[in-house]
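**Q** Before we start, here is the structure in question, set down as structure tokens.
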Amino acid sequence: NAGVMQNPRHLVRRRGQEARLRCSPMKGHSHVYWYRQLPEEGLKFMVYLQKENIIDESGMPKERFSAEFPKEGPSILRIQQVVRGDSAAYFCASSPQAGLEKLFFGSGTQLSVL
Amino acid sequence: DQQVKQNSPSLSVQEGRISILNCDYTNSMFDYFLWYKKYPAEGPTFLISISSIKDKNEDGRFTVFLNKSAKHLSLHIVPSQPGDSAVYFCAASANQGAQKLVFGQGTRLTINP
């Protein structure tokens with residue numbers, strides 16, 4: 001029973017490139033959440049998705065960031081034209097239904113922008 | 001606008017003693033609180049939670065206390081073990097669920113043998 005799988009674990013991009021972060025939720029989970037952790041800070045909510053729907057994107061920056069959770073395949077967090085300030089750890093979490101008391105987090109993707 | 005604050009970046013405790021981690025919040029709409037534990041290069045793992053209708057919840061060596069009037073919660077670990085060394089995050093939610101958690105900055109706990 002695999003947990004939440006995120007890949008890649010580490011991603012290095014140059015300024016202006018695109019970053020794609022993938023998240024496969026736990027089996028049977030249809031709710032996916034993305035959080036970002038900047039150095040020396042706590043995790044900050046970015047977006048909450050269900051299959052083919054964005055439920056809450058109030059934590060997403062207005063530009064360059066997008067997320068999807070298609071009917072088939074993993075959830076993707078996409079960052080266009082990355083800047084140094086995008087360097088952070090990006091964590092995905094999943095739950096089997098809304099309102100569950102706890103989320104199951106993946107190990108994260110560490111994005112480094114040169 | 002830090003709605004959840006963990007004012008101690010680090011804490012060092014002797015093995016076998018009690019570890020007390022503190023967390024303060026400002027948003028009176030928060031009604032559900034959780035503690036997560038995080039090891040390096042891993043994602044956070046759930047430890048224990050408490051609803052605002054309670055003031056205490058216990059699970060083995062872990063107990064969470066909630067003081068709503070002070071907008072303060074604490075996590076007690078007793079007895080502390082070397083494997084408890086990790087970063088601990090306090091988190092809060094405003095909808096009795098977990099869709100949108102607001103995290104504190106974390107406290108790095110070190111248990112000394």
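Where a number appears in this text, it was derived from the coordinates with a stated rule and is not lab data. Please read all numbers here as calculations on a predicted model, not as lab measurements. Quick reminder, even Gly has a Cβ in these numbers, built from the backbone with ideal geometry, and neighbours come from all protein chains shown.
**Q** Of all trypsin sites (Lys or Arg not before Pro) in segment A:1-68, which ones are in loop regions per DSSP and have a Cβ with at most 16 other Cβ atoms within 10 Å?
**A** The qualifying sites are A:R9, A:R14, A:R15, A:K27, A:K51, A:K62, A:R64.
**Q** At 10 °C and 1.306 mPa s, grab the translational diffusion coefficient of chain A from Stokes-Einstein with a Kirkwood Rh over Cα pairs, rounded to a whole number in µm² per second.
**A** Roughly 113 µm²/s, to the nearest whole number.
**Q** Follow-up question, since we're still on this one. Please arrange B:W35, A:W34 by counting, for each residue, the other beta carbons lying within 10 Å of its beta carbon, fewest first. Display every interim value, and only then the final one.
**A** Numbers: B:W35 23, A:W34 26.
If I rank by nearby Cβ atoms, fewest first, I get B:W35, A:W34.
**Q** How much length is gained if the chain between B:N7 and B:V78 is pulled fully straight, taking 0.36 nm per residue apart and subtracting their Cα-Cα distance, in nm to one decimal?
**A** 23.5 nm
**Q** Same structure again: Distance between Cα centroids, segment A:22-75 to segment B:67-84: provide it in whole Å.
**A** Here the answer is 29 Å between Cα centres.
**Q** I would also like to ask the following. For B:T107, B:T26, what's the fewest-to-most ordering of other Cβ within 10 Å of each Cβ?
**A** B:T26, B:T107
**Q** I've got another one for you. Give me the base-10 log of I(q)/I(0) for chain B at each q in 0.18 Å⁻¹, Debye formula, one uniform scatterer per Cα, rounded to two decimals.
**A** -0.85
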